[in-house]
Amino acid sequence: MISIKTIQTAMYEALCKAAVLIPPDVRDHLQRTCDEETDPLARKHMELTLENARLAAEGKGLVCGDTGYPLFFIRAGNTAQVEGGFGSLWQAARTATFAATEQNFLRPTMVDPLTRKNPGNNLGPEIPKIHLRFDGLGDDLELIAVPKGGGSEIFGTFYRMMYPSDGKAGIFKFILDSIYNSCYAGKVCPPAIVGIGIGGTADICMQIAKEAAVLSPLGTHHPNPEIAQMEKDLLDAIRQLGIGPMGSRGINAVLSLHIRTAATHTAALPVAINAQCSIGRRWKARITGKGEISYTGDIHG
Amino acid sequence: MAETIIDLKLPLAPQDADRLKLGDIVTVSGMLFTGRSRFHIRAIEENILPLIDFEKINCFFHVGPVMKQIPAGWEIVSIEPTSSIRFERYSAQVIRKLNLRTLIGKTTMGPETAAALAEVHGVHLSKIGICGNQISRQVKKVHHVFFLDELGKTEATWIFEVEKFGPFFVDIDTRGHNYFEQLDKDIVKNLDKVSRSLGIPADFNYTQVNAGNK
């Protein structure tokens, strides 16, 4: 049985670590981008971003001041048990989010959509969001805290219901145009991590796009060779656009690109795009059935 | 090659602003105020403005800072410039109303803002990289905060005294030219070529399901 206090601690620590640390795969990709860009402004964008992250890791601020939407992606083993039942996860997330905001690891950013009133604690209907799935036979629980920035969510979200006759050309056109649009003047904070969902219902499509963006280890490709080839072709094409960091003249509009698919209606071809910030904020807590917590920025860790 | 960073004294003098070219890397020193959506909407729709002398505190920094209350006042945790383009609907009116010659933010602004900036000899400066921790160190003093109770820490208007604050780059100059608009001409050409290389026909149209419907 995993106690609610243990889950609250894991959620709080994972949120705080995500706010001040860059995951190792993201850091490697940012450094490679910095080394590859030749335009002086493009390079300077990357140098300052890396310097900013270094200061945050030393306890001198946040990886980015916009800590955005508090999201949790939770995977529970089939035999995992949570004190008070799984419904307690939602209250634990609220407690952890409240505390992380109070301790200034999260900026109070969540407001009512109509009155625009800010309660100052990042809590509200549906927020923090928990995605829960059961997978594996163990009694463990893994949670990934994702404080998802506004730049990527606001400027990097696109959806289109296409039709089978639009085919691969339609999919590619929609993705290319969306990336061009999201990168203009650095809106999405390029180099963005891009998730693409193909198939499903509208909500499944967006959900798999978001998971592709925030939960994929950078630089990896889809296990299906045909989909992996689409990822590579798109990445190669995007590098030819001439868009660099923060929309400057350069190569790396995108840091990594990941496609996920879902079965869909025979009449439909839905495509969704969701970007993750270049700094790829996510941190994982693993809790064993005995309640031991370990933390890592490595998605496979 | 050593890069040149120009330090601009705030309030920015029109003749100093006129000397700036697109892509110039600059810092600013002096007094500035902060705000984002709520500042713009309230300033124009409700004529609600902080009680400051906008001739002296003339630089508008688009940001929602992370602030921490300490016994001696306020401490900055992080200040990451926010996307200026979201304020395009009201920005030109705010610039004319307050005679603002320096805007600082993320991304850029549209043609109406550029036209208003040209009238007052003003510029928009865009952030370089993610920089909130570096630039928070260049704030020498948090002088005051307006609208804290009504709007909260993120949307409140803060008055900062800054020294060599930046670096930023000039993305809109006093002639109304825009760095990104110029860059975009090349990108649009590339987009066309790249689309062909991915097998997207030049005349591709998405399937229309309201055929004949205008």
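Where the centre of each part is set by its Cα atoms, how far does region A:142-184 sit from region B:55-110, in angstrom?
Using only Cα atoms to place each centre, the spacing works out to 29 Å.
Rank these by accessible area, largest first, 1.4 Å probe: A:Phe134, B:Phe204, A:Phe72.
A:Phe134, B:Phe204, A:Phe72
Sequence neighbours fewer than 8 away in the same chain don't count; with that in mind, list the aspartates and glutamates whose C-alpha is under 12 Å from B:Lys141.
Filter leaves B:Glu75, B:Glu161, B:Glu163.
For the cross-link pairs A:Lys284/B:Lys140; A:Lys60/A:Lys232; A:Lys17/B:Lys140; A:Lys117/B:Lys127; A:Lys44/B:Lys140; A:Lys148/B:Lys97, which exceed 30 Å when the distance is taken from alpha carbon to alpha carbon?
In this structure, A:Lys284/B:Lys140; A:Lys60/A:Lys232; A:Lys148/B:Lys97 lie more than 30 Å apart at Cα.
Report, for the protein assembly as shown, the % of DSSP beta bridges that are antiparallel, rounded to 5.
Of the beta bridges lying entirely in the protein assembly as shown, close to 65 percent run antiparallel.
With the solvent-accessible surface defined on protein heavy atoms using a 1.4 Å probe, which residues belonging to region B:129-145 display a reduction of at least 40 Å² in accessible area in the multichain context relative to the isolated chain?
B:Gly129, B:Ile130, B:Asn133, B:Gln134, B:Arg137
Taking both sides together, what accessible area is buried at the B/A interface, probe 1.4 Å, expressed in Å² and rounded to the nearest 100?
Summed over both sides, the interface buries about 4500 Å².
Given a cut-off of 22 Å, name the pairs among A:Lys129/A:Lys187; A:Lys187/B:Lys68; B:Lys106/B:Lys153; A:Lys129/A:Lys210 whose C-alpha atoms lie farther apart than that in the structure shown.
A:Lys129/A:Lys187; A:Lys187/B:Lys68
If you count the DSSP beta bridges with both ends in chain A, what percent of them are antiparallel, to the nearest 5?
Percent antiparallel among DSSP bridges in chain A is about 65.
How much solvent-accessible surface does A:Glu83 expose, in Å² to the nearest 10, with a 1.4 Å probe and all protein chains in place?
Around 90 Å² of this residue is reachable by solvent.
Post the alpha-carbon centroid distance, region B:155-203 to region A:249-268, in whole angstrom.
The distance from the Cα centre of region B:155-203 to that of region A:249-268 comes to 24 Å.
Counting helices only, and only those DSSP H runs with n ≥ 4, report the 222 nm mean residue ellipticity of chain A as the sum of -39,500 (n - 2.57) divided by its residues, in deg cm²/dmol to the nearest 500.
-12500 deg cm²/dmol
Using heavy-atom solvent-accessible surface (probe 1.4 Å) with all chains present, what is the largest-first order of B:Ile159, B:Ile25, A:Ile154, A:Ile293?
The ordering from most to least exposed comes out as A:Ile154, A:Ile293, B:Ile25, B:Ile159.
Please list B:Asp173, A:Asp203 in order of solvent-accessible area, largest first, computed with a 1.4 Å probe with all protein chains present.
A:Asp203, B:Asp173
Name the lysines eligible as straight-distance cross-link partners of A:Lys5: C-alpha to C-alpha under 16 Å, and not fewer than 8 places from it in the same chain.
Here the lysines satisfying the reach criterion relative to A:Lys5 are A:Lys290.
Whenever you get a sec, compute what percent of the accessible area on the protein assembly as shown sits on carbon and sulfur atoms (1.4 Å probe).
Roughly 53 percent, rounded to a whole number.
For region A:57-144, give the share of DSSP beta bridges that are antiparallel, in percent and rounded to the nearest 5; count only bridges with both residues there.
Restricted to region A:57-144, the bridges split so that about 45 percent are antiparallel.
Could you give the accessible area per residue of chain B, probe 1.4 Å, as a whole number in Å²?
Normalised by residue count, the accessible surface of chain B is 45 Å².
The values are calculated or read from the model by the stated rules, or taken from the named source; none is laboratory data. The shown structure was predicted, so the numbers you read here are calculated from the model rather than taken from an experiment. To get the accessible areas, we keep the full protein, side chains included, count just its heavy atoms, and leave off ligands, DNA and RNA. Shrake-Rupley method; radii C 1.70, N 1.55, O 1.52, S 1.80 Å.
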